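Encoded as structure tokens, the structure appears first; notes follow it.
Please treat every number below as a calculation from the coordinates, not as lab data. If you're wondering where the values come from, they're calculated on a predicted model, not measured in any experiment. Neighbour counts are summed over all protein chains in view; Cβ atoms, including those assigned to glycine, are modelled from backbone coordinates with ideal geometry.
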Amino acid sequence: MESILLAIAAGAVGLVAAALLAMRVLKQSQGNDEVRAIGDLIQEGSAAFLRKEYSILAVFVAIIFVILALFIDYNILDNDKIASLSEGGAMTSQGPWTSIAYLLGAIGSALAGFIGMSIAVRGNTRTATAAQTGLNKALQVAFSTGAVMGLTVVGIGIIGVSSLWLLFENPNVIAGFGFGASSIALFARVGGGIYTKAADVGADLVGKVEAGLDEDDPRNPAVIADNVGDNVGDVAGMGADLFESYVGSIIATISLAFFAVSASGVVTAEAFQVDASKAILPLVIAGVGILSSILGMFLVRTGDDADMGKLLWTLRYGIFGAGILSLIGTAVYINMNDTLSFDLFWVVVTGIVVGQVIGTSTEWFTSYEGLKIFGKEFNPVKWIAQQSETGHPSTIIAGISVGLYSTVIPAIAIVVGIFIANELAGLYGIGLAAVGMLSTLGITLATDAYGPVADNAGGIAEQAHLDPKVRERTDALDALGNTTAATGKGFAIGSAVLTALALLVAYAFATGITELDLLNPKVLMGTIIGGLLPFLFSGLTMQAVGSAAGDMIEEVRRQFREIPGLREGKEGVKPDAARAVAISTQGSLKAMVVPGLIAIVAPILIGGLMGAAALGGMLAGSIVSGFLLAIFMANAGGAWDNAKKFVELGNFGGKGSDTHAAAVTGDTVGDPFKDTSGPAINILLKLMAIVSLIFGPLFV
């Protein structure tokens with residue numbers, strides 16, 4: 001019990017640190033009247049979107065709450081076996097408690113996204129103003145803003161899971177918490193992703209290519225909608241996404257530790273104590289990671305003359321420092337606990353190393369700071385930019401090829417990680433490795449969430465006509481943000497594979513499945529359907545972005561055509577930004593429903609119609625295809641984006657050239673890849689797995 005209370009205390013410390021950082025950000029200057037006015041428009045648009053999105057999701061949450069309360073009422077473990085071993089006999093009728101945990105998970109996910117977005121829409125103006133002073137000052141404000149999101153996510157997550165485990169010691173109850181977090185995360189990520197990319201594509205294609213305007217030019221009606229999209233998609237959506245990733249990995253590992261008692265068939269007090277220690281271990285690791293993340297944040301400093309390489313290392317110092325501190329704390333705890341093997345420490349090390357390999361690989365494929373081998377630079381981003389010299393098709397082909405072969409290193413890293421974790425700690429090790437990978441999410445998410453803040457700051461600087469040096473500084477932070485965002489997506493996708501595998505194993509325990517026989521036609525059919533689902537899901541979300549972007553493009557063209565003096569920049573003539581915001585809002589909220597329902601309906605249909613084994617095959621198929629597709633889309637999109645930025649720095653003809661037009665096309669294709677479909681796939685995998693875990697025993 002003491003260890004769980006320490007984990008809860010660490011979560012509370014994280015929330016206090018987040019509050020202090022928020023106060024620090026809010027004390028900074030908001031800038032002049034024009035900067036504040038633009039910031040107010042972004043705040044209003046972001047808040048309006050979330051109000052509408054959450055009102056829709058509230059109905060969905062209420063329906064699922066009732067279904068869980070009425071139909072999920074079974075025991076996973078034999079109460080007679082463990083009643084004398086677990087205080088009070090934890091495994092009692094669980095339907096009502098699972099539904100309540102689901103509600104708490106949904107609220108936690110929504111709250112994490114809301115808090116992160118609320119501070120982001122206030123940190124953007126302050127970052128733009130701080131950039132007038134220098135690069136380091138702007139980095140401190142933007143990073144502190146992102147850190148509020150990071151610490152809020154881990155603080156709420158660990159308090160929620162730890163409290164429920166302390167009260168119930170029931171894997172299905174905490175699975176309900178994960179179900180709530182996953183369902184909100186999927187809708188938030190998809191809805192926010194469709195919104196932001198519809199606005200971004202419309203703003204870029206009409207503004208940059210057709211009208212020849214700079215990015216974030218105040219004459220462009222879609223600019224404010226684009227700025228709003230950065231917050232509702234890349235902050236609120238991402239916060240809900242990584243909240244789900246964080247709690248999902250912990251829940252999967254706890255479930256594996258507890259199910260091992262049931263699977264053994266013989267339960268003794270000693271065996272129960274060992275597995276109880278294993279169940280608590282991921283909570284302790286997460287708690288240590290929160291404290292380590294807070295300390296690592298003090299290492300994030302840079303100079304005003306920093307280039308991309310120095311900026312990258314600025315953030316790496318913080319991440320690596322937090323990782324080392326987390327490992328030291330984990331080693332001390334495991335060594336002090338007689339019931340735990342020290343091999344579990346090496347499992348955690350494996351998870352962190354695999355995460356760093358995936359992150360570094362993603363960094364290389366999406367950054368224009370190249371890798372030098374024997375004095376020769378290899379840089380996929382610069383190569384895509386160079387290919388843009390020969391036209392739009394060359395840009396698209398180059399980006400797709402980079403995305404495809406960028407899957408090799410992450411796939412090999414995951415395979416090696418699974419092998420080592422399994423050798424050291426069996427199937428439990430797979431889940432624990434995922435916890436290790438996300439143990440310092442507090443700081444890794446901070447480096448991710450700061451990117452949209454810097455992007456917004458650059459847009460505000462352009463629209464408020466601040467000194468060009470301000471835009472140069474915010475662009476440097478934004479380019480770094482693209483790379484760190486891609487790195488964060490790599491971590492999330494990698495952990496999603498390990499977590500989904502762990503949940504698949506827990507599902508097998510819950511349903512009594514000992515193997516998945518591909519020669520069984522039903523299992524084979526389920527596997528093929530599972531492999532199909534990430535492609536269907538991605539197709540629907542990409543189609544939604546295309547449709548909403550088409551409406552945005554027509555609206556921007558209409559305003560340029562019908563508002564006299566807008567395109568020419570006549571004084572006093574302003575675009576109708578509210579109309580553009582409304583178009584993105586309507587298009588995204590309407591389109592998010594069907595993709596979101598797939599993750600919940602598909603497992604129940606397959607399990608109900610074809611049985612538990614077929615559902616296991618479906619989960620296995622979705623994990624394989626979804627992992628590779630998500631890496632491909634995230635990396636291709638990030639590479640296209642930074643290739644465009646590299647051209648805009650004056651390379652290969654610079655802004656306004658044919659090369660730039662081709663690079664913008666690549667960026668607009670890559671935007672829904674990296675910010676809508678790609679990052680949502682990892683939630684799809686885990687949500688299907690956790691739905692299967694909860695409903696699975698009904699299909700036996």
Counted neighbours (other Cβ, 10 Å), sorted fewest up, put Met149, Met117 in the order Met117, Met149
Sequence order, region 189-206: Karplus ³J(HN,Hα) from phi using 6.51 cos²θ - 1.76 cosθ + 1.60, θ = phi - 60°, Hz rounded, Gly and Pro as x, gives 5, 5, x, x, x, 5, 4, 5, 7, 4, 5, 5, 5, x, 5, 6, 5, 7
What size of dipole, in debye to the nearest 20, comes out for region 3-68 about its Cα centre when the only charges are +1 on Lys and Arg C-beta atoms and -1 on Asp and Glu C-beta atoms?
220
May I ask for the net charge around Gly616, where only other residues with Cβ less than 11 Å from the Cβ of Gly616 are counted and Lys, Arg are +1 while Asp, Glu are -1?
-1
Taking neighbour Cβ counts within 10 Å as the exposure measure, how do Ile412, Ile529 sort from fewest upward?
Ile412, Ile529
May I ask you to evaluate 6.51 cos²θ - 1.76 cosθ + 1.60, the Karplus curve with θ = phi - 60°, for each residue of region 456-469 and list the ³J(HN,Hα) values in order in whole Hz, giving x for glycine and proline?
4, 4, x, x, 5, 4, 5, 6, 8, 6, 6, 3, x, 4
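State whether region 136-249 is rounded, prolate or oblate according to the following rule on the C-alpha gyration tensor (a ≥ b ≥ c being the square roots of its eigenvalues): a/c under 1.5 gives rounded; otherwise a/b larger than b/c gives prolate, and the remaining case gives oblate.
Because a/c hits 1.5 or more and a/b fails to exceed b/c, region 136-249 counts as oblate.
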Multiplying the sequence separation of Glu389 and Ile107 by 0.36 nm and subtracting their Cα-Cα distance, what value in nm do you get?
96.6 nm
Apply the a/c threshold of 1.5 to the C-alpha gyration tensor of region 335-480 and tell me whether it is rounded, prolate or oblate.
oblate
Let's see if you can work this out: charge +1 on each Lys and Arg Cβ, -1 on each Asp and Glu Cβ, no other charges. What is the dipole magnitude of the chain about its Cα centre, in debye to the nearest 20?
240
Gyration tensor verdict on region 312-405 (Cα atoms; rounded if a/c is under 1.5, prolate if a/b is larger than b/c, oblate otherwise)
prolate
Order these by the 10 Å Cβ neighbour count, fewest first: Ile280, Ile4.
Ile4, Ile280
Residue-averaged [θ]222 nm for the chain, counting only DSSP H segments that reach four residues, each worth -39500 (n - 2.57):
-28000 deg cm²/dmol
Net charge within 15 Å of Pro603 by Cβ-Cβ distance, Lys/Arg positive one each and Asp/Glu negative one each, not counting Pro603 itself?
+2
Extension gain Ala582-Asp33, at 0.36 nm per residue separation less the Cα-Cα distance, in nm?
195.1 nm
As an exercise, use a Förster radius of 51 Å and the Cβ-Cβ distance of Thr339 and Ala58 to find the FRET efficiency, rounded to the nearest 0.05.
0.75
Please report the spacing between the Cα centers of region 425-439 and region 338-360 in Å, no decimals.
7
Report the full-extension gain for the segment Leu20 to Lys590: residue separation times 0.36 nm, less the Cα-Cα distance, to one decimal in nm.
201.5 nm
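Where Lys and Arg each count +1 and Asp and Glu each count -1, what net charge lies around Ile493 among other residues with Cβ under 15 Å from its Cβ?
Net local charge, Ile493 excluded: -1.
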Apply 1/(1 + (r/R0)^6) to the Cβ-Cβ distance of Ala211 and Thr133, taking R0 = 35 Å, and write down the FRET efficiency to the nearest 0.05.
0.60
Select from Thr541, Thr474, Ser292 the residue farthest towards the positive end of the dipole of the chain; place +1 on Cβ of Lys and Arg, -1 on Cβ of Asp and Glu, and compute about the Cα centre.
Thr474
Here region 332-341 yields Karplus 3J(HN,Hα) values (6.51, -1.76, 1.60; θ = phi - 60°; whole Hz; Gly and Pro given as x) of 4, 5, 5, 5, 7, 9, 5, 8, 10, 6
Students often get this wrong, so try it: which of [x] 29.8, 103; [y] 23.7, 76; [z] 24.2, 81 is Rg and Dmax of the Cα atoms in Å as calculated from the structure shown?
[z]
How big is the gap, in Å, between the Cα center of region 600-659 and the Cα center of region 512-553?
12
Given charges at Cβ of Lys, Arg, Asp, Glu: the chain dipole, positive-most of Ala12, Ala222, Val154:
Ala222
If the limit is 25 Å between Cα atoms, which of Lys137/Lys382; Lys197/Lys590; Lys382/Lys489; Lys197/Lys644; Lys489/Lys645; Lys27/Lys310 go over it?
Lys137/Lys382; Lys27/Lys310
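Over the chain, what is the relative contact order in percent, taking alpha-carbon pairs closer than 8 angstrom and at least six residues apart?
For the chain, the relative contact order is 21 percent.
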For a Förster distance of 30 Å, can you work out the FRET efficiency between the beta-carbons of Leu299 and Leu166, rounded to the nearest 0.05?
0.35
Placing +1 on the Cβ of each Lys and Arg and -1 on the Cβ of each Asp and Glu in the chain, which of Ala506, Val141, Thr253 has its Cα farthest towards the positive end of the resulting dipole?
Val141
0 to 90° range, to nearest 10: angle between helix 135-168 axis and the chain longest Cα axis
20
